[in-house]
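Visitor: I'd like to ask you about the structure that follows.
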């Protein structure tokens, strides 16, 4: 706990630019410690992610097409209704 308080105190004394660089350096150091997935077991994850991405794109496209058709239909009906009402 004392180490964290010392770091925070030192960060408060430093300039904003120095604080940002220090935080960036600390973040980069932590990212280097991460064990990123890889190898044969990762291939299944990539395939599943790709498949699910295609499902999302397909469903979004279908919904967009449905909304386009619905909007076109209602616009046509509205236009016909306005023409009928106008003298």
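Visitor: Per the Cauchy relation, a quarter of the hull surface: what is the mean projected area of the convex hull of the alpha carbons in segment 37-87, in nm²?
Guide: Working: hull surface 15.2 nm².
If I average the Cα hull's projected area over directions, I get 3.8 nm².
Visitor: On to the next question. Spin-label point model (7 Å from Cα, Cβ direction): what's the residue 50 to residue 68 distance in nm?
Guide: Those two pseudo-labels are separated by 2.7 nm.
Values in this text are rule-based calculations from the coordinates and carry no lab data. No experiment lies behind these values; they were computed from the predicted model shown. Quick reminder, even Gly has a Cβ in these numbers, built from the backbone with ideal geometry, and neighbours come from all protein chains shown.
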